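The values are calculated or read from the model by the stated rules, or taken from the named source; none is laboratory data. Just so we're clear, the structure is a prediction, and the values are computed from it rather than from any experiment. As a convention, Cβ positions derive from the backbone with ideal geometry for all residues, glycine included, and neighbour counts pool all protein chains shown. Note: accessible area is taken over every heavy atom of the protein model, side chains too, but ligands, DNA and RNA are not part of it. Shrake-Rupley method; radii C 1.70, N 1.55, O 1.52, S 1.80 Å.
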Amino acid sequence: MKLFLDNPHLSAYFGLVAVLFISFGASFFIPKFSVARKWLGMSLIFVPVIYFFLILDAHLVNIPFTDDFNLLETVYNFQHAPDFTSKIKVLFEQVNQHRFAFERIVMLVMVFFTGTVNIKAQILIGNLALLGMAYLLFKSLKKESLSFYYFIPVPYLLFSLIYWENAYWGIAALQNTPLIFFAFLTAYAVGKGDNRGYILGIAAALLTTFTSGSGLLAWIIGFVILLFQKRFKLAAGWILAAVLIILFYFLFDYQVVPATGEKVWTHSLFNFIFVLGFWGNGLYLDIRHPLVSQFHPDLILCVLLGGLIFLLFLAWFLRILTRRITVWSDWFLWGAMMFSMGTGAMFVISRPLNNYFMFGGNVFSRRYMIFGVALLATVYICLIILVKNWQIWRKWIAVLVGASFVILNFVSYYLSIVQVRKMHDDLVIDSYHWKNYSTFLTAGDLFGDIPFWNHPTRMKNLVNALESQGLTDFYQFNTIPPHQELLTKTNTGRKFSGNFNATFHYRNTDNNIPTRYYRFTVNPAAGSVAPSYFVFSSDTLNLVLPAVPVPNKFGDFMKTGSYYGDSYQYGLFNLKLPKGQFRVYILTKAQEDWKSEFTGKSIVIK
């Protein structure tokens, strides 16, 4: 929906949620409001879900991003595999330590029914797993005979942009989110304690295993639950199934990826703090964390939250040990916590640190926040159940946690909608960069870098093969004239009436190397057409970069109700830019025509 791309209507969303919460709270004190309390509660649950998918739908484009090409390549190879064995090898082809069979099956099903792979549909399918997670958590509350009102905070945590990269990236959305749901489903099914649940548990564990490498944890969790349930015969069958699957996983066309880093126990204290930070990463804000030796407040909060989560996990385990009669929700919530926490432990084991992780800040990609979010939602449900017999405590915890989750939801949208918009604009212009310069804006550290580690022909052959097969429509947005003809076909001869400015400062890269970081800003004249791109023109090339709208400062956002201001901006490291002197033009689109106007300024990229 273009409506939510140029204007995310964030103030309207905030206002609606605020009105609903005020009305819901008033229903407990004003008799005439009480008749609407149930509908107000249901509205509070569904509003964040609807807004989440509206924002996604507005910003998603059917364009692959980095590792998406790897999955598309295997789909193409599967179609052209000569025999059944070759097809099985392609289906279970190893990527690092993972086997993405589930993701490939989803894409092959899409090809079977539609003849193509739609990345946008793939992302939406992956994010639907959030509904599955929410439903299982909701059922746990109902199993304990608690009102659905206590569930209201959960959607504000689950359906947010805390983990925006995971929500927006094709392979991540189809990997991490279903992975967590399948693991939760494994614990739920085994916890049910009947034979049908046992069979469903094996099927869910199988799906978890072949969605991502950490899915192997599902077999351990299922076995532990069966062991504590004293279902020893079924536990033996579970182990047999696990052994067969694990043997296939590691023996069928698999190469061991050697670990090159230090062992986790070499700096055990640092890595214990690291895993606590991962468990609490739902509080990891989407702000720049420079790689310098300083403590970041949000990362300290992540560690503290991780410590609280660990204590609540121990409390839940003690509850299971001391209960005379357990129910499926006890086992499900325990298994859900074990999987999310175990994934964090595996993450730290594979990437151990030798210093305090808050010194760096860039230790997490935003796609990993989904594990912390799922864990935090689960722990909240556990906490409400633990205090269910203390009504005052239960209500105050629900109110305080609910307020925290709503604030976190609002903050995530305010900080991250612009990041999703930038990714949208980058992907839209990727085909121009590929067509004209054989490189991507969204991949690589240097101008001219080619995906697949600068292989001279693999990416070119892959794009051609995918296009000819109809598996992608990579050039659907490539409406800008070729770079040699860009200005001759679009320039109006008029000078741009707005203001352009270029600044730079030194910023540490992910490799902790201080590097020039350029920021280009344009302020168009009042009433003029919004700029679409910056054009940096030299004698040999016309480089095109998106003009991304700049969000208002929070005070201005509250005053005007508008998320975006009147400025447009783009920033990147100078390594990603070609060197030389460039004249700066602003490219706009009026209806179907592209128009470029000279700003009167030039820049020098050193």
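Below is a table of values for the structure above.
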item: Qualifying residue in the stretch 267-284 (condition: touching a Gly at 6+ places or on another chain (Cβ under 6 Å), in a helix (DSSP H, G or I), under 30 Å from residue 517 (Cα atoms) and aromatic (Phe, Trp, Tyr)); result: yes
item: Test for residue 464: is it open to solvent by 20 Å² or more (accessible area, probe 1.4 Å) and in a helix (DSSP H, G or I); result: yes
item: Qualifying residues in the stretch 526-537 (those that are small (Gly, Ala, Ser) and part of a strand (DSSP E or B)) - the one most open to solvent (accessible area, probe 1.4 Å); result: 532
item: Selected residue [over 20 Å from the mean Cα position of the chain (by Cα), open to solvent by 40 Å² or more (accessible area, probe 1.4 Å) and of a type in the set (A, V, I, L, M, F, W, C)] from 29, 24; result: 29
item: In the stretch 298-318, residue most open to solvent (accessible area, probe 1.4 Å) [restricted to those that are in contact with a Phe, Trp or Tyr (Cβ under 9 Å, 6 or more places away or on another chain) and under 25 Å from residue 197 (Cβ atoms)]; result: 317
item: Single match in 392, 349 (criterion: within 23 Å of the chain's Cα centre (by Cα), at pLDDT below 95 and surrounded by fewer than 19 Cβ atoms within 10 Å (Cβ to Cβ)); result: 349
item: Subset of the stretch 557-593 that is farther than 14 Å from residue 528 by Cα and aromatic (Phe, Trp, Tyr) - its residue that is surrounded by the fewest Cβ atoms within 10 Å (Cβ to Cβ); result: 573
item: Residue list for the stretch 366-386, filter: over 12 Å from the mean Cα position of the chain (by Cα) and among the hydroxyl-bearing types (Ser, Thr, Tyr); result: 378, 380
item: Every residue from the stretch 519-536 that is out of contact with any Leu (no Cβ under 6 Å at 6 or more places or on another chain) and of a type outside the set (D, E, K, R); result: 520, 521, 522, 523, 524, 525, 526, 527, 528, 529, 530, 531
item: Which listed residue, of 404, 412, 416, is surrounded by fewer than 21 Cβ atoms within 10 Å (Cβ to Cβ), among the small types (Gly, Ala, Ser) and modelled with pLDDT of 95 or more; result: 404
item: Residue in the stretch 372-389 that is free of Cβ contacts under 8 Å to residues at least 40 places away in the same chain and open to solvent by 40 Å² or more (accessible area, probe 1.4 Å) present; result: yes
item: Residue in the stretch 516-525 that is among the hydroxyl-bearing types (Ser, Thr, Tyr) and not in a strand (DSSP E or B) present; result: no
item: Cβ-Cβ under 6 Å pairs, at least 6 apart or on other chains, the stretch 29-51 side under 25 Å from residue 11 (Cβ atoms) and of a type in the set (Phe, Trp, Tyr), far side modelled with pLDDT of 95 or more and crowded, with 18+ Cβ neighbours inside 10 Å; result: 51/13
